[in-house]
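Comments concern the structure below.
The values are calculated or read from the model by the stated rules, or taken from the named source; none is laboratory data. Computed from a predicted model, the values in this text were never measured in an experiment. Positions of Cβ are backbone-derived with ideal geometry, glycine not excepted, and every protein chain shown enters the neighbour counts.
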Amino acid sequence: MKVILGSCGLSVEPIIKTCEELIGKSRKDANVAIINEAIKGEFGDHRWFVNELRHLSDTIGGNMEFVDIQAHPLDYVEQRIAEADFVYCFGGNTDYLANTFIHTGFDKILPKILAEKVWVGSSAGSCVLCHKESEEIQKTVYKEKREAEHFMDIIPIIFLPHLHGFYEFGEREVESASKLTDLPVYALSDEAAIIINGNDPLKVIGKDYILAQKGRVQK
């Protein structure tokens, strides 16, 4: 499994270079399959999506294809993703995204996709592969109503995006989140990403992140 868990996808050069290394191809030749279901459950101004999509378009030189997992049968979805070098899963409402994965059956083919393709998550597109945050954090930090009881639970961490960003949370909230679980809690800024490359130890690249476990920040 080769995964980039970011708060803002391919936001900075070190993350882009890592993506190139994982897919084994230059960015100018890379083809990407885009999953953007999470935005459908997100209220408010979607200019952030336009800006991130524009940045992705400026960064990736190969084909960019939107794969609508709600509109097509799973065999078609698999076929289209098979043509890409990596999957880019946009942010938005993670509960909506997780429920969509389950209701469409995409969760059943997801392990195979992760075994064959590099996955680049952006915010919700990262969270959905991990374990779900507590209801308290979801309500107080992200101002969201709880509509899913779990995510895909594939990566044994809790991922909190946008550290020191739009949601204005920091060490106190991350420590609090880690008291409610035995799993490590990672909070990342928009300029950082978690890298998972096969059996290599998980690592964080980029700027500004917090790791807490059992109520204590790990220094």
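In table form, for the structure just shown:
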quantity	calculated
Subset of the range 33-58 that is over 24 Å from Y186 (Cβ atoms) and touching a helix residue (DSSP H, G or I) at 6+ places or on another chain (Cβ under 7 Å) - its residue that is surrounded by the most Cβ atoms within 10 Å (Cβ to Cβ)	A33
Filter pass, Y76 being of a type outside the set (S, T, N, Q), touching a residue at least 24 places away in the same chain (Cβ under 8 Å) and farther than 16 Å from I155 by Cα	no
In the range 198-212, residue farthest from F159 (Cα to Cα) [restricted to those that are at pLDDT 95 or above and surrounded by 12 or more Cβ atoms within 10 Å (Cβ to Cβ)]	I205
Some residue of the range 123-139 being surrounded by 18 or more Cβ atoms within 10 Å (Cβ to Cβ), at pLDDT below 95 and touching an Asp or Glu at 6+ places or on another chain (Cβ under 8 Å)	yes
Filter result for the condition that a residue is touching a strand residue (DSSP E or B) at 6+ places or on another chain (Cβ under 6 Å) and either of a type outside the set (S, T, Y) or closer than 19 Å to F159 by Cα (or both), over G91, G44, G61	G91
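For (1) under 23 Å from T18 (Cβ atoms); (2) assigned to a loop (DSSP other than H, G, I, E, B); (3) among the acidic types (D, E), each residue gets a yes or a no:
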| residue | (1), (2), (3) |
| --- | --- |
| V87 | yes, no, no |
| K108 | no, no, no |
| V120 | yes, no, no |
| S126 | yes, no, no |
| Q138 | no, no, no |
| K143 | no, yes, no |
| I154 | yes, yes, no |
| L163 | yes, yes, no |
